[in-house]
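Below is one structure, written out as structure tokens; the observations come after it.
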Amino acid sequence: MKEQTAPEGQTRKMSLLESSVSVVAGYVLTVLIQYWIYPLFGIFVPADKALLISVIIVFAAFVKNFGVRRLFNALHVRVRA
């Protein structure tokens, strides 16, 4: 079954791919921030908990990114129609 998309709109598959790449980059960034920045503020978190915190943050970011991307795509398609 072919995926339906409005003219010039981004497909759900591409939105998912874009959000996934963003999430991977966000995960790496979150881990690095926790490693380098937290100690500057006196925050010390064991590595296993820091990685779990990063997973939670990144999951929330993924849901937000995908939702916002789809919302803006829908708005863009409506404006152009």
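Within segment 54-81, take every residue that is touching a helix residue (DSSP H, G or I) at 6+ places or on another chain (Cβ under 7 Å) and among the hydrophobic types (A, V, I, L, M, F, W, C) and give me the one that is surrounded by the most Cβ atoms within 10 Å (Cβ to Cβ).
Kept after step one, since they are touching a helix residue (DSSP H, G or I) at 6+ places or on another chain (Cβ under 7 Å), are these residues of segment 54-81: 54, 57-58, 61-62, 65-66, 69-70, 73.
Next, only the ones that are among the hydrophobic types (A, V, I, L, M, F, W, C) stay: 57-58, 61-62, 66.
Values: I57: 17, V58: 21, A61: 16, F62: 18, F66: 18.
Per the criteria, the residue is V58.
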Problem - Pair list, Cβ < 8 Å and 6+ apart or interchain, from segment 46-72 residues that are over 11 Å from S22 (Cα atoms) and among the polar types (S, T, N, Q) to residues that are modelled with pLDDT under 90 and part of a helix (DSSP H, G or I) - result: S54/Y27; S54/T30; S54/V31; S54/Q34
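Can you tell me which residues in segment 33-51 are touching a Phe, Trp or Tyr at 6+ places or on another chain (Cβ under 8 Å) and surrounded by 14 or more Cβ atoms within 10 Å (Cβ to Cβ)? Before the answer, list the steps.
So in segment 33-51, the residues touching a Phe, Trp or Tyr at 6+ places or on another chain (Cβ under 8 Å) come out as 38, 44-45, 50.
Correct list: Y38, V45, A50.
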Completion exercise
Quick count over segment 7-29, residues being among the acidic types (D, E), modelled with pLDDT under 80 and either assigned to a helix (DSSP H, G or I) or under 11 Å from F62 (Cβ atoms) (or both), is 0
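With the condition kept exactly as written, say whether any residue in segment 61-76 is part of a helix (DSSP H, G or I), over 24 Å from Q10 (Cβ atoms) and among the hydrophobic types (A, V, I, L, M, F, W, C). Full working, then the answer.
From segment 61-76, those part of a helix (DSSP H, G or I) are 61-76; that's our starting set.
Now restrict to residues that are over 24 Å from Q10 (Cβ atoms): none.
Taking every residue of segment 61-76 in turn, none turns out to be part of a helix (DSSP H, G or I), over 24 Å from Q10 (Cβ atoms) and among the hydrophobic types (A, V, I, L, M, F, W, C).
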Problem - Boolean, S54 is modelled with pLDDT under 85 and touching a Phe, Trp or Tyr at 6+ places or on another chain (Cβ under 7 Å) - result: no
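The values are calculated or read from the model by the stated rules, or taken from the named source; none is laboratory data. Quick caveat: nothing in here was measured; it's all calculated off a predicted structure. All Cβ positions, glycine included, derive from the backbone under ideal geometry; neighbour counts span all protein chains shown.
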